[in-house]
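Written out below as C-alpha cells is the structure these notes cover.
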Amino acid sequence: MESAESQIAEWRAYVATAPGLNGHDVDELEDHLRHQIADLNAVGLTADEAFLVAVKRMGELDSLSREFAREHSGRLWKQLILRDEDEPARKSSDWFETLVFAVAAAVVVQIARLAAHFPEEEPTWLARNSSMFVLPFLAGYFARRRQLDARRLLLTAAPFVLAALMVNLYPYREDSATDVLVALHLPVVLWFAVAYPYMGGTVGSHERRMDFVRFTGEWFIYYVLIALGGAVLTALTALILEPTGIDVEWLPEWVLPSGAAGAVIVAAWLVEWKQRVVENMAPVLTMLFTPLFAVMLAGAAVVYAVTGLGGAFDRELLSVFDALLLVVLALVLYGMSARDPSTSPDWMDRIQLVAVVSALVLDVMVLGAMIARIGELGFTPNRTAALGLNLVLLVNLAGAAWLAARFLTRRSRLHRLERWQTTYLPVFALWACSVVLMLPPLFAFT
Amino acid sequence: MRIDKDLVAASATPLVLAILAEGESYGYAILKRVRALSGGELEWTDGMLYPLLHRLRRHGYVTTDWRTPPEGRRRQYYMLTDEGRRALADQQRQWVTVTRALNDVWPGSGGPLTALGEA
C-alpha cells in the first residue's frame, strides 16, 4: 500500500507540472485515479497493475493538458500551447520579424516628424495622424504572425485606409475642436482595428475578445515598463555626454518619438512571448489597485453627493472625471480577464462592485452637470463627445453593476458578466468611430 | 465494434447531461455510468471528461460543489441547472432528428429510434 501511495504522489507531481491544469483539476483527477485503482483492485488486479491501467486510461498528459488549456484559455493563453500542435515550431527569426516592424514604425514616425518640422512647428495633421504612423505596423505584425489569408488581409487594411482618407481629407478649420477630438479618438479606433488581425479574423468569438482585453492590459504594462527604462537610459546618456561638451539637445526629439513608436511593437511581442511573466504580475497589480481606486471613488462619490455639484464641474474637471471612469472600466475589465472564472465570489468581487457602483454614481452626477451645461449653452463638439462617452460608460457600468450584484448573490454566473463586457466592446469601437467620422462634418469642422 | 472518435465526441455532451439529469454526480461515477450504459462500447479517455465538465459549467449547464462524503475524499459534485435541462432537451431533439433520418434510409434496422424511446 505504501508503494501505491508513493506512486500516486509521483503521478500527481508529474500531472501538476502540466500547463493549463490548476490544483483543483489535479485534485479531481487524483480522486478519479484512486477510484479507478480501487475498482481494478476489487476485480483482482495487483496494486501495480491497477495503477498502470488507471494511468493509461487517464490519457496522455500532453493531450489532456491541451484539452484543459483549450477550455480554460484564461489560465494560459491557448495559442501558446495549441501552437505546438497545429503550427510548425516558431523559427528563431521571430525576433528579427519583430525588429523589422518596430524599426519601420520608428522610421516612419521620424520621417513624419521631420516633414512637420516638429517641435519647432506643430501642425495639427501631425497630432491627428500620430497613431496612423504606428498602429498599422502593429496590425501588419499580427497579420503576419497569424498568417491571415488574402481576404482577411484586405479586411485588416480597410479600416486603416478608410481612416487615413477621412482624417486627412476632411477640411478642418483653424483651431478646430473636432480636430483635437479626432486626434484623441483615432488611436482608440485603430486599436480596435488591430483587434481584427490579433484575433485572426474571428471577431465574433467572445473568448478571443477577452484575450484581446487581456492583451491590451498586458501590453500597457509592458509599454509603461519599457517607457520607464527608456527614460532612465535617455537621461543617463544625456548626463554622461554632458561633460564631453557634445550637444545633446537633439537627443530627445530623435529618440523619444522613434522609441515610443518602436516600443508599441516590442511590447506586443513581449506580451505574446513572455506570457508567463506578466501572467504573474498582472493579477497582483489589479489586486493592488482595484481596492485603492474603490476607496478613492467611494470617497469622491460621497463628497460630491454631500457638497453637491455647484460650479465645481468645470470643463477640466469633467475631462478628469471621464479619464477616471475609463481607468475604472479598464481595471474592472482587466481584472475580470485575469480572474479564474470557476471560483465563487470573493472579497475582490465585492470591492470591484463598490468601485463600479461609485463610478456609476459619479457618472450620473457628471451627466447631470453636462446636460445642464448643454441646456444652458447648447451643443459644442467637446460637449457632444463628452456626453456620448458618458452615456456609453453609464450603460456599461450600470449593466456591470447589475450583473456583478447578481453574481455576488449567486443568482447569476460570472460568465454572464464576462459576456456583457465582451458584447459591449463593439459599442466603444462604434462610439470612437462616430466621433472620428461623424462629429467633424456635424459641426462643420469647427 | 469500435465507435468512431468524432461520434464519441459528439455524443459526449448529451450523454453527460442526461446522466446528470438522473441526479447529481461526480467524475468517476459519471464515467462508470457511461461505460455501463454503452456496455463498454463507448471508449473515453478518462481525463477528457473533466475539461468537458468544466465547459458545461462555464456555459452554466451545471453547477459544482466541493464536498467530502462521510467515507471518502473531498471531491467535486456536478449538478444540472435549469439551463442544462433546456440544453439537454435541445440536444435530444437534434439527436432524434438525426436518428430518424438515419432510420428512414436504413430500412428494417429498427434501431436508433427505439433506443431513444421515440419510435
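Summary table
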item	result
Lone qualifier among A:Leu353, A:Leu367, A:Leu329 - being away from every other protein chain (no Cβ under 14 Å), modelled with pLDDT of 85 or more, farther than 20 Å from A:Val295 by Cα and in contact with a helix residue (DSSP H, G or I) (Cβ under 7 Å, 6 or more places away or on another chain)	A:Leu367
Residue list for segment B:1-55, restricted to those being within 14 Å of chain A (Cβ to nearest Cβ), part of a loop (DSSP other than H, G, I, E, B) and touching a residue at least 12 places away in the same chain (Cβ under 8 Å)	B:Leu42, B:Glu43, B:Trp44
Residue ID - farthest from A:Arg113 (Cα to Cα), chosen from residues in segment A:228-252 that are surrounded by 15 or more Cβ atoms within 10 Å (Cβ to Cβ) and of a type outside the set (Val, Ile, Thr)	A:Ala238
Qualifying helices (runs of 4 or more DSSP H) (wholly inside segment A:111-199; at least 1 residues being crowded, with 16+ Cβ neighbours inside 10 Å and at pLDDT 90 or above)	A:135-145, A:150-169, A:177-198
Residue satisfying condition, being touching a helix residue (DSSP H, G or I) at 6+ places or on another chain (Cβ under 8 Å) and either over 14 Å from B:Ser11 (Cα atoms) or surrounded by fewer than 19 Cβ atoms within 10 Å (Cβ to Cβ) (or both), within set B:Arg35, B:Arg55	B:Arg55
Residues within segment B:75-84 that are in contact with a helix residue (DSSP H, G or I) (Cβ under 7 Å, 6 or more places away or on another chain) and assigned to a helix (DSSP H, G or I), tallied	1
Selected residue (only one of A:Arg12, A:Arg57, A:Arg34 is of a type in the set (Lys, Arg) and farther than 21 Å from B:Glu43 by Cα)	A:Arg12
Selection within segment A:71-110 - among the basic types (Lys, Arg) and either at pLDDT 70 or above or surrounded by 18 or more Cβ atoms within 10 Å (Cβ to Cβ) (or both)	A:Arg75, A:Lys78
Unmet requirement for A:Arg413, which otherwise passes all of (1) surrounded by fewer than 17 Cβ atoms within 10 Å (Cβ to Cβ); (2) basic (Lys, Arg); (3) farther than 25 Å from A:Ala193 by Cβ	(1)
Flag if A:Ser358 is under 20 Å from A:Met287 (Cα atoms), of a type outside the set (Asp, Glu) and out of contact with any helix residue (DSSP H, G or I) (no Cβ under 7 Å at 6 or more places or on another chain)	no
Sole residue being touching a residue at least 12 places away in the same chain (Cβ under 8 Å), in a helix (DSSP H, G or I) and over 30 Å from A:Thr384 (Cβ atoms), chosen from A:Leu241, A:Leu256	A:Leu256
Residue under evaluation A:Arg411, criteria (1) within 18 Å of A:Ala330 (Cβ to Cβ); (2) within 14 Å of chain B (Cβ to nearest Cβ), criterion not met	(1)
Helices (runs of 4 or more DSSP H) contained entirely in segment A:339-446, each with at least 1 residues that are more than 25 Å from the chain's Cα centre (by Cα) and of a type in the set (Asp, Glu)	A:347-377
A:Thr343 being free of Cβ contacts under 8 Å to residues at least 24 places away in the same chain, closer than 26 Å to A:Leu285 by Cβ and surrounded by fewer than 15 Cβ atoms within 10 Å (Cβ to Cβ)	yes
Residue list for segment A:1-56, filter: closer than 30 Å to A:Glu71 by Cβ, more than 11 Å from chain B (Cβ to nearest Cβ) and not in a helix (DSSP H, G or I)	A:Thr17, A:Pro19
Positions within segment B:64-83 being more than 17 Å from B:Pro14 (Cβ to Cβ), buried (at least 17 other Cβ atoms within 10 Å of the Cβ) and free of Cβ contacts under 8 Å to residues at least 24 places away in the same chain, in sequence order	B:Thr64
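The values are calculated or read from the model by the stated rules, or taken from the named source; none is laboratory data. It should be emphasised that the depicted structure is a prediction, and the values quoted were computed from it without experimental measurement. Here the Cβ is made from the backbone with ideal geometry for all residues, glycine too, and neighbour counts use every protein chain on show.
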